[in-house]
Amino acid sequence: MMISKAMNTSLNRQIANEMNASHKYLAMAYCFEDMGLKIFARRFNQQADEERGHALKIARFIQDVGGSVVFEGLDKPKSDYKTAKQIVQAAVDSELTVTSQINDLVAQAEKERDYATRSFLQWFVDEQVEEVSSMTELLKLVTMAGEQYLFQLEGRLMAMMSAKSD
Ligand SMILES: [Fe+2]
Ligand SMILES: [Fe+2]
């Protein structure tokens, strides 16, 4: 095994964190759907898939370095958001939390002189910059639009989504 037992445990914990983030985004997507905001719902559904992808990326790495993947149970996500702004604010907060989790992992890898894990984690460091930035941008737009103009904002969001997938 190329990584320590402690690192293996921390990476498994991050798999659970990413799966919980995925679950949280899924709950948010359905709240948006309840609000009649189909494009927001689609955006958050995609985000849920991305987070699941992050979990599997970590699982793949653990296998590659000869560790063992252990899954945890999921936390019950909040599903009683009152406004779209509340949801997007919670998403920003969640991305900031994940960013600090990734930073903790990086610190651990550096402390252990585990450069394979350190290198692997760089992708996540960069990804978090992207995710905090795009969610913060969305929060600004939602705040600016106000709840009654969110339908109009959906067109803009659709354009942002297709620009991203180009
Ligand atoms: Fe993630
Ligand atoms: Fe994320």
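A short reminder: the numbers here are calculations on the coordinates, not readings from a lab. Just so it is clear, the model here is predicted, and its values are computed rather than measured. Virtual Cβ from ideal backbone geometry, glycine too; neighbours counted across all protein chains shown.
A few remarks follow.
- Sorted peptide list for 24-32, 80-88, criterion being average Cβ within 10 angstrom, highest first: 24-32, 80-88
- Radius 15 Å from Cβ of PHE151, net charge of other residues (Lys, Arg +1; Asp, Glu -1): +1
- Sorted by Cβ neighbour density within 10 Å, fewest at the top, the residues SER100, SER134: SER100, SER134
- Angle of helix 115-145 to the longest C-alpha principal axis of the chain, folded into 0 to 90 degrees and rounded to 10: 10°.
- Cα-based helix-to-principal-axis angle, 5-34 vs the chain, degrees rounded to 10: 10
- Legend: ranking of residues PHE71, PHE124, PHE44 from fewest to most surrounding C-beta atoms inside 10 Å; resulting order PHE71, PHE124, PHE44.
- Using 0.36 nm per residue and subtracting the Cα-Cα separation, the extra length available between ARG156 and THR9 on full extension is 48.8 nm.
- Inter-part distance, the stretch 142-166 to the stretch 1-46, computed on C-alpha centroids, equals 22 Å.
- Charge sum, other residues only, whose C-beta stays under 12 Å from GLU18's C-beta, Lys/Arg counted +1 and Asp/Glu -1: -3
- Summed residue charge, Cβ within 12 Å of LYS82's Cβ, Lys/Arg positive, Asp/Glu negative: -1
- Of the trypsin sites (Lys or Arg not before Pro) in the stretch 113-166, those whose Cβ has at most 16 other Cβ within 10 Å and which sit in DSSP loop: ARG113
- Members of LYS5/LYS111; LYS76/LYS164; LYS57/LYS164; LYS38/LYS82 lying beyond 18 Å, as alpha-carbon distances in this model show: LYS76/LYS164; LYS57/LYS164
- With contacts taken as Cα pairs under 8 Å and at least 6 residues apart, the chain reaches a relative contact order of 27 percent.
- The helix-based estimate of mean residue ellipticity at 222 nm for the chain, built from -39,500 (n - 2.57) per DSSP H run of four or more residues and divided by its residue count, is -28500 deg cm²/dmol to the nearest 500.
- Between helix 84-111 and the chain: long-axis angle, C-alpha atoms, 0 to 90°, nearest 10: 10
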